[in-house]
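Structure, as structure tokens:
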Amino acid sequence: MRRLAVIGLVSLIVVCAHGQKSDLQEIDLERFIERLFQIQADDIDYDNLYESLLQLYTNPLNINEATQEQLLSLYVLTPRQASEILRYIDQNGKLISIYELQAINALSMTQIEVLLPFITIEETEDGRPLLERIVSEPNKYLFLRYSRTLQDERGFREGQYAGDQNLYYGRFRASKKGDFSVGFTFEKDRGEQILFEGGQRGFDFYSGHVMLENIGPVRKVIVGDFQAQYGQGLVYGAGFGVGKGAETITTVRRTTVGLRPYTSALESGFFRGVGLSTTLGKLETTVYYSNLQQDANIIQDTTYSDFDEFVNSIQSSGLHRTRSERTARNQIGEQSIGGAIHYHVNRDWNVGVTSIYSSFSRPLQRRPNNYNQFEFQGNNNYVGSLYFSGTWQNFNFFGEGAASKSGGTALVTGLIASLTPNIDFSYLHRNYARDFHTFYGNAFGEGSRVINEIGNYWGIKVRPWQQHEVSLYYDRFRFPWLRFRVEAPSDGIEYLGRWTYRPSRSITLFAQFRQENKDLTVLPEGSNLNQLVTGRKRNYMANIDYKVTKDLSLKTRVQWSDFLLDGERTRGFLILQDINYNFWKFKLSGRVALVDTDDFANAQYVYEKNVLYAFSVRGLSGVGTRRYLLLQFKPNRKLTFWARIAETRFRDAETIFTGEVGSGLNEIIGDRITEVIIQGRINF
């Protein structure tokens with residue numbers, strides 16, 4: 001009875017302070033990512049990151065049945081906090097309410113707020129027939145989205161894009177954690193056609209899956225499109241991999257989540273086939289088969305290749321607008337077979353082995369140059385690894401070692417430690433050979449690929465007082481072989497410091513500094529010899545979030561940077577003001593930002609609120625303004641509508657580009673770009 005009374009009091013306090021549970025579940029993931037990680041980089045796969053968070057959001061973890069590894073996979077908890085949760089459940093029994101987390105001293109109210117949308121205490125067992133469970137499942141929705149840019153790009157003006165300006169997107173999904181997931185996604189990008197000929201059936205891209213869980217010894221069986229994550233991501237790295245950012249502790253490690261459905265509209269980086277995971281005692285075995293057609297340009301040039309016909313690279317954009325893009329469609333088939341064996345030594349320790357064999361219908365070979373001499377070439381590749389993860393007291397140890405067909409190896413080892421209740425520490429070492437080849441890896445690193453890198457990372461987080469938090473990291477890395485724009489082995493360092501102050505529940509302030517030194521090749525004026533020069537980039541940021549009332553909140557941010565290369569310094573600056581206001585059944589969000597940068601090296605990266613499940617990170621450069629207005633209308637529990645208009649206007653610009661500078665088909669005549677998005681959601 002005493003425990004029930006405490007739970008009731010805690011629940012009342014939390015609900016009064018933060019609103020009803022349904023409101024917490026409607027948390028927008030853009031704000032969650034920005035609040036937790038504050039990523040400031042141009043080489044992060046934000047779409048995959050967002051999609052991984054979406055998987056956690058729509059399929060919350062049953063905290064009463066979670067293991068240490070699963071709790072750490074939320075990337076919110078330290079090893080000490082995860083251990084305290086498990087210890088509390090062991091001593092007091094299963095949680096009766098998720099608000100009971102307030103009774104665990106190791107958890108702050110801020111962390112509980114972040115955790116709530118991603119956890120549950122519901123039991124997963126249900127004896128009803130599968131079809132009946134799917135029909136009655138409340139987590140069932142259909143999204144329909146339309147967007148376009150109001151100005152015409154050159155590709156549309158000159159008729160080089162086959163389709164119109166409109167983007168159409170839809171997603172249906174019904175899922176229940178630990179039971180089933182059924183869904184499909186379709187999309188037509190801007191410039192593509194809706195056709196019923198030449199192998200295309202309506203929309204340009206379709207994806208779908210059916211997954212069943214916990215059927216006797218079968219833990220998961222999935223048919224359709226899926227991904228996998230095991231170990232530290234050297235072989236299978238499809239999960240949530242943030243890397244370096246303002247969260248300096250929990251995001252350095254990857255977690256083993258196994259097979260999971262693929263629901264994104266990104267047209268690469270997934271498997272298409274069938275996967276099966278079975279359990280026998282402490283042993284979990286996963287096998288899968290995939291057969292996927294991918295885009296590529298076929299090359300016939302025997303001057304630098306022994307192959308009569310080969311592919312230079314697999315195209316991942318998924319765009320089929322121009323004649324050349326349509327010709328490249330589905331020109332290479334990839335068959336892969338692989339799996340993993342995962343052994344739970346006990347609740348705190350696990351080990352495993354992974355492998356994957358990939359075979360291509362046409363050989364791959366890069367056009368030779370200085371830096372790509374050790375890239376993959378041929379018709380097939382295999383890669384395998386051994387990994388481990390475990391917790392001892394307040395220390396979590398993890399690691400993975402892998403080798404590919406070429407003989408190249410890769411290694412990741414590290415630890416996360418709670419040194420005291422107020423000090424957390426992390427360390428990670430990685431060593432990726434120049435000839436290590438993995439197609440589905442996504443491990444921690446400075447580069448965007450698991451190749452040609454050696455580095456050591458140290459992170460620390462200190463809470464000197466209740467309302468203050470200081471986060472720091474230092475990363476030293478080296479590239480043993482040449483890279484793009486770097487014609488010699490090179491090295492670099494990166495470090496970040498962030499101070500956060502929360503004087504009250506309604507106010508959060510932070511200041512952040514980040515510096516990166518990295519070698520680049522330059523051609524000095526008056527010389528015909530390239531030289532290796534260290535480029536130095538510094539980023540500064542100051543931010544205040546202020547919740548004026550229950551329905552009105554404001555955010556003001558100033559960020560600036562400078563870039564020094566070969567004695568020449570360039571700068572960039574941005575200031576923004578956000579306003580969020582809720583009234584009746586509407587939510588209104590708006591932003592006005594002013595930007596002034598000397599070049600793209602000083603592009604200012606900022607998050608933007610968008611329609612639900614559409615993630616926006618903008619790299620703003622030049623001189624101009626950026627503004628948007630987002631309106632959400634929810635007439636009842638089953639229907640929600642969004643409308644968003646955003647505009648970037650450049651000062652004194654005659655032409656602008658929506659993509660990379662120099663991509664002529666993306667050219668717009670004028671000084672502005674205006675984007676419109678309309679979206680609807682139906683909950684069944």
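The values are calculated or read from the model by the stated rules, or taken from the named source; none is laboratory data. Bear in mind that the values here come from a model prediction, so they are computed numbers and not experimental data. Cβ: placed from backbone, ideal geometry, glycine included. Neighbour counts: every protein chain shown. Just so you know, the surface numbers come from the protein's heavy atoms only, side chains and all, with ligands and any DNA or RNA stripped out. Shrake-Rupley method; radii C 1.70, N 1.55, O 1.52, S 1.80 Å.
Between Tyr206 and Glu647, how many nm apart are label points set 7 Å from Cα along the C-beta direction?
4.0 nm
What's the extension gain from Val345 to Ser268 if we count 0.36 nm per residue and subtract their Cα-Cα distance?
Values: separation 77, 0.36 × 77 = 27.72 nm, distance 3.48 nm.
Result for the pair: 24.2 nm of gain on full extension.
Within the chain, what's the longest run with no trypsin sites (Lys or Arg not before Pro) in a DSSP loop and at most 14 other beta-carbon atoms within 10 Å? Give the range, please. Mind showing how you got there, number by number?
Numbers: sites that count: Lys94, Arg201, Lys282, Arg347, Arg485, Arg505, Lys550, Lys585, Arg637, Lys638, Arg651.
In the chain, the maximal stretch lacking such sites is 348-484.
How high is the FRET efficiency from Ser504 to Thr278, r the C-beta distance, R0 41 Å, rounded to 0.05?
On the way: r = 52 Å, r/R0 = 1.26.
Approximately 0.20, to the nearest 0.05.
[x] 33.6, 120; [y] 51.6, 192; [z] 25.2, 84: which one is Rg and Dmax of the Cα atoms in Å as calculated from this entry?
Read-out from the structure maps to [z].
Using +1 at the C-beta of Lys and Arg and -1 at the C-beta of Asp and Glu, which of Thr256, Thr303, Gly407 has the Cα lying farthest in the positive direction of the dipole of the range 254-412?
Thr256
Roughly how many percent of the accessible protein surface of the chain is carbon and sulfur, given a 1.4 Å probe and a whole-percent answer? List each step's numbers first, then the result.
Working: 16930 of 30890 Å².
Taking all protein chains in place, the chain shows 55 percent carbon and sulfur surface.
So if I place +1 on the C-beta of Lys and Arg and -1 on the C-beta of Asp and Glu, and nothing else carries charge, what would the dipole magnitude of the chain be about its Cα centre? I want it in debye, nearest 20.
On the way: 77 positive and 76 negative charges, 408 e Å.
Dipole magnitude for the chain comes out near 1960 debye.
List the pairs from Lys537/Lys609; Lys555/Lys585; Lys609/Lys634; Lys547/Lys587; Lys140/Lys177; Lys140/Lys550 whose alpha-carbon separation is above 20 Å, in the order I gave them.
Details: Lys537/Lys609 27 Å; Lys555/Lys585 22 Å; Lys609/Lys634 17 Å; Lys547/Lys587 15 Å; Lys140/Lys177 12 Å; Lys140/Lys550 29 Å.
Over 20 Å apart, Cα to Cα: Lys537/Lys609; Lys555/Lys585; Lys140/Lys550.
Could you derive backbone 3J(HN,Hα) for the range 492-505 from the dihedral phi with the Karplus parameters 6.51, -1.76 and 1.60 (θ = phi - 60°), listing whole Hz in sequence and x where the residue is Gly or Pro?
x, 9, 8, 8, 9, x, 9, 10, 10, 10, 10, x, 7, 5
List the aspartates and glutamates whose Cα sits under 14 Å from the Cα of Lys244, skipping any in the same chain fewer than 8 residues away.
In chain and number order, the partners are Glu34, Asp42, Asp43, Asp45, Glu446, Asp475, Glu494, Glu516.
Would you grab the residues whose amide H sits under 5 Å from the one on Ile119? Only those 5+ places off in sequence or on another chain, please, with H modelled 1.01 Å from N.
Residues meeting the criterion, in which the H sits 1.01 Å from N, are Leu61.
Around Gly258, with a cut-off of 14 angstrom between Cβ atoms, what is the net charge of the other residues, counting Lys and Arg +1 and Asp and Glu -1? Walk me through the numbers before you get to the answer.
Details: positive: Lys177, Arg219, Lys220, Arg254, Arg260; negative: Glu69, Glu213, Glu284.
Residues near Gly258 contribute +2 overall.
Using 0.36 nm per residue of separation minus the Cα-Cα distance, give me the extension gain between Ile423 and Phe684 in nm, one decimal.
Values: separation 261, 0.36 × 261 = 93.96 nm, distance 4.58 nm.
Residue separation times 0.36 nm, minus the Cα-Cα distance, leaves 89.4 nm.
With a 1.4 Å probe and all protein chains kept in place, how much accessible area does Ile673 have, in Å² rounded to the nearest 10?
Probe radius 1.4 Å; accessible area of Ile673 about 20 Å².
Give me the distance between the Cα centres of the range 282-346 and the range 108-186, rounded to whole Å.
Taking the Cα centre of the range 108-186 as reference, the centre of the range 282-346 is 26 Å away.
Working with all protein chains in place, sort Val592, Val257 by solvent-accessible area computed with a 1.4 Å probe, largest first. Spell out each step's value before the answer.
Numbers: Val592 85, Val257 55 Å².
In descending accessible area the options line up as Val592, Val257.
Would you mind getting me the FRET efficiency between Thr674 and Ile121? Use the beta-carbon distance for r and R0 = 30 Å, nearest 0.05.
On the way: r = 46 Å, r/R0 = 1.53.
E(calc), rounded to 0.05, equals 0.05.
Order Val235, Val522, most accessible first, counting only protein heavy atoms with a 1.4 angstrom probe. It would help to have the intermediate numbers written out before the result.
Numbers: Val235 0, Val522 20 Å².
Ranking Val235, Val522 by accessible area, largest first, yields Val522, Val235.
Could you rank His344, His320, His429 by how accessible they are, 1.4 Å probe, largest area first? Please report the intermediate quantities before stating the final value.
On the way: His344 65, His320 10, His429 40 Å².
Solvent-accessible surface, decreasing: His344, His429, His320.
Using the beta-carbon distance between Leu639 and Asn528 and R0 = 56 Å, what value does 1/(1 + (r/R0)^6) give for FRET efficiency, to the nearest 0.05?
Details: r = 66 Å, r/R0 = 1.18.
The pair Leu639/Asn528 has a calculated efficiency of 0.25.
Once the piece of chain linking Lys585 and Asp152 is laid out straight, how much longer is it, given 0.36 nm per residue of separation minus the C-alpha distance between them? Write out the running numbers ahead of the final one.
Numbers: separation 433, 0.36 × 433 = 155.88 nm, distance 3.49 nm.
Computed gain between Lys585 and Asp152 is 152.4 nm.
Suppose all protein chains stay in the model; what accessible area per residue would a 1.4 Å probe give for the range 94-238, in Å²?
Details: 5980 Å² over 145 residues.
Per-residue value: 41 Å².
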